Every structure is written in structure tokens, then in C-alpha cells.
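Coordinate-derived values only; no laboratory data. In this text, all values refer to a predicted model and were calculated from it rather than measured experimentally. All Cβ positions, even for glycine, are placed from backbone atoms using ideal geometry, and neighbour counts span all protein chains on display.
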């Protein structure tokens, strides 16, 4: 249930993007994330730090994307959130009496202290790599950044809504705009399926590793 709650803004972003483009999808994600924070506070009467920070990053970078009509700001948001998570895991090696991984999973499984620290470092490395993977897709893998810069230079304007290519451009500029929109959609798909798939694969590999430490069930007589 918590996983579905955390994914809801991403799912809403993806759904709205299919019909209205990146700017409306960004606005919908901001609204969904804010609604989640308010709902959680009304229900629990306290707020967790990570959703608040995530909302703050989304408000700043999503707001800049909408205000400046520049997709690159919201594209940086997954990287910043993942690097924030990485910093939280890594800093817990020196802050507090236990690594963050042990605080989160210590009630479910008992591990040697050295293993907890190794596992905690692995989570930090994973979130660091996930942030880098997002930037790779934005700048290299999808070809979005170079295509978008070429489109800006060709049209002479920095405020472009890729969802309205057909209504604003024709000929070679329309083809370039559609190429840029396709590159943008590659990033949108990675934001949902790529990041979620990589995270799920990492959790499964970790679970397979931790199985050996689970206590044996008592045999029935």
C-alpha cells in the first residue's frame, strides 16, 4: 500500500502526459504530491521528512519548468531525490547509533553489524547510480537535451510546448519538434518503468541475499 501511495504522483504524471504533455503532467504531479502530504497530515497528525522534501523539490523544479517552459528542470527532480536518499543512507554511517538500513529492516532480520553497514552502503550506491542513470537518459540516452537545444536555436524561442508541435510548426521544424517530443517521451517512460524496474530488481536481489539470515521456522511435531 505504501509503495502504491509513493508511486501515485508518478502514475498521475505519466497518465496526464499522454494526453496533455509535460507541463500539465508536472502541474498534476505537484497537485498529487501536495494532496498526499495534506492527506497524511490529516490522518496521522504528523509529517514524514522525505515526502515534505520531495514536495519541496517538486515545487521548485516543477514550478520552474512550468514558469519558464523548460522541461530540463523537472527532469532533474528524480536525480535530486535519489541523491538525497543516497546522502541519507551514507551519512547514517556516522550519524546515529545504527545505519539507516538497520533502522528500517532491523525488526525483520538480524544481521552482523558489518553486514548492515555493507548493505547500507549498497543502498547509498544504488540511489547514487539511479540519479546518474536519470541524467544519462536526459542528456545522452534519449538524445533529448541536444534535440531540445537544436529546436530552441532553430525556432529562436526558449518557450516551447512539445505537446503542441502540430499546431505551431510545419515542415522541417515540425519534424524536429516531433523528434524532440519522442526523446522527451523516452525520459517519461524511464521515469516510470525504468526507475521502478531498476528499484524492483535491486530489492529482489537484496531479498534473495537476506533469505539466508531469516530464522528457521520451528518444525511441527
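Compute the helix-to-body angle for 49-68: its Cα long axis versus the longest principal axis of the chain, expressed 0 to 90° and rounded to tens. Relative to the chain, helix 49-68 is tipped by roughly 10 degrees.
Would the stretch 8-72 count as rounded, prolate or oblate if I go by the C-alpha gyration tensor, calling it rounded below 1.5 in a/c and otherwise prolate when a/b exceeds b/c, oblate otherwise? Verdict is oblate for the stretch 8-72. Under Stokes-Einstein, with the Kirkwood radius over Cα pairs as Rh, the value for the stretch 2-213 at 37 °C and 0.692 mPa s is 174 µm²/s.
When peptides 73-86, 129-142, 189-202, 41-54 are ranked by their average number of other Cβ atoms within 10 Å per residue, the highest-first order is 73-86, 129-142, 189-202, 41-54. Rounded to the nearest 10 degrees, the angle from helix 113-136 to the longest Cα principal axis of the chain is 10 degrees. Exposure proxy for 17, 209: other Cβ atoms within 10 Å of each Cβ, ordered fewest to most, give 209, 17.
On full extension, the segment bounded by residue 205 and residue 132 gains 24.2 nm, given 0.36 nm per residue less the C-alpha separation.
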